[in-house]
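The values are calculated or read from the model by the stated rules, or taken from the named source; none is laboratory data. As the structure is a prediction and not an experimental result, all values here were calculated from the model. Here Cβ is always computed from backbone atoms with ideal geometry, including for glycine, and neighbour counts include all displayed protein chains. These accessible areas exclude ligands, DNA and RNA; they are computed on the full protein's heavy atoms, side chains included. Shrake-Rupley method; radii C 1.70, N 1.55, O 1.52, S 1.80 Å.
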Amino acid sequence: MFSRKQVEIALQEADVICFMVDAREGLSASDAAIAEMLRKLAKPVLLVVNKIDGIENETLAFDFHELALGEPVAIAAAHGRNVQYLLDRVDAYLPPPANAEAEQEQGIVIAIVGRPNVGKSTLVNRLLGEERVVVFDEAGTTRDSIYIPFERNGKRFTLVDTAGVRRRARVSLTVEKFSIIKSLQAIEKAHVVIYLIDAREGVTDQDAHILGLVLEAGRALIIGLNKWDGLDNEQRAFVKKQVEIKLPFLDFAEKHPISALHGSGVGKLFDVVHSLYASTMADMSTPLLTRILADAVATHQPPMVGGRRIKLKYAHQGGRNPPVVVIHGVQTDSLPGAYKRYLMNYFRERMHLQGAPVRLVFKSPENPFSGQRNELSDRQVKKRRRLIDFSKRKK
Ligand SMILES: Nc1nc2c(ncn2[C@@H]2O[C@H](COP(=O)(O)OP(=O)(O)OP(=O)(O)O)[C@@H](O)[C@H]2O)c(=O)[nH]1
Ligand SMILES: [Mg+2]
């Protein structure tokens, strides 16, 4: 089941909403309630009436007109009936694909994310070199994501100041829910996320939670340990240790102690952003990826499953931001997590993709035996020999 929040986020992000109802159940009270909510969203809604197979034409979807969501689209999803028509209707609402020009104009998109009051807006001003956004010592100062385009050394950037993401239990106002959605969208749109932790408070559970979302989105990540000024050596060592212990899943990410207020460590962030951008947008050729895969396998073979060795044959690129490496093989479903992590680190190192969350996707043919000779394992060869010997002796 989806939580209400997930539904809200999905609705906010959608370009068009397909509201599906059941032709066999007919119009229900909850259909009417959902329809009412959707009408308020001011987004295109397609009313999709499913399971029309085996229902008389005249009675079809008749009462659904009452929902006032326009002409219903009748389909039978299980049979694929009318689904192409639905897709065409959906297509009509989709925005044109973002063109390369608009992307170039944005340049490198850097989202500054973190809990309330950690110093996000202060860092944005510091990176811009001017007081552009409001800074205030109170949680919740920034309420909406602010996109600021700028140029530095002839390079284009867009800095995104986001609203602090609070713990869900404390989120009560609609405006706060809205700002969380906006922060998540900013992460989605970014090339690089700078996640700020308040070093004075250390790593909180909420930090770990939001960082998990950044990782899920697959964004290149810099962790800024902010408010480093004024901490003594013992406190600094403690925070560094805490990052290691509480955020072990981010071992790939760059960590930088900074002071957004005084500027120490901030200048260096641009260099890091550049190299992360290069990593996350890298073009990787099939021969190169396949060679690296072969090297990885030669160094450390995948394990055997059921007497057969898992085979990894070739690799190609499946996407950018995050970089995706698609690996084709046999029985890849059985690859253990530890081996996948080994491969991921191997690719990251050889491709110099530090700081980028490389994704591996494994593909096996439906039938692992198709298109290849069935190679026997040593044990099977011996067994066959024994059987042949045995039958010869019998004669
Ligand atoms: N000592 C110290 N204080 C800082 C630093 N960075 C920010 N602050 C202070 O922290 C407070 C909050 O800063 P903001 O930049 O408004 O924080 P924010 O993350 O944008 O907060 P929200 O918009 O509410 O989410 C302000 O009083 C800043 O002066 C820093 O590096 N060191
Ligand atoms: Mg702010």
Q. So which residues in region 253-296 are in contact with a helix residue (DSSP H, G or I) (Cβ under 8 Å, 6 or more places away or on another chain) and open to solvent by 30 Å² or more (accessible area, probe 1.4 Å)?
A. 254, 255, 257, 261, 295
Q) Hey, residue 329 hits all of (1) surrounded by 18 or more Cβ atoms within 10 Å (Cβ to Cβ); (2) at pLDDT below 90; (3) small (Gly, Ala, Ser) but one; which does it fall short on? A) (2)
Q: Would you list the strands (runs of 3 or more DSSP E) that sit entirely within region 70-171 and hold 3 or more residues that are touching a His at 6+ places or on another chain (Cβ under 9 Å), open to solvent by less than 30 Å² (accessible area, probe 1.4 Å) and modelled with pLDDT of 80 or more?
A: 108-114
(Q) I'm told residue 196 meets every condition in (1) at pLDDT below 90; (2) within 8 Å of ligand 1 (Cβ to nearest atom); (3) not charged (D, E, K, R) except one. Can you identify the failing condition by its number? (A) (1)
Q. How do the pairs read when you match residues in region 197-214 that are on the phi < 0 side of the Ramachandran plot and open to solvent by 20 Å² or more (accessible area, probe 1.4 Å) with residues anywhere that are among the hydrophobic types (A, V, I, L, M, F, W, C) and not in a loop (DSSP other than H, G, I, E, B), using Cβ under 7 Å and keeping only pairs 6 or more apart or on different chains?
A. 213/184; 213/187
Q. Which of the residues that make up region 215-235 are over 15 Å from residue 357 (Cβ atoms) and either open to solvent by 40 Å² or more (accessible area, probe 1.4 Å) or not assigned by TED's automatic domain parsing to the domain that holds residue 167 (or both)?
A. 227, 230, 232, 233, 234, 235
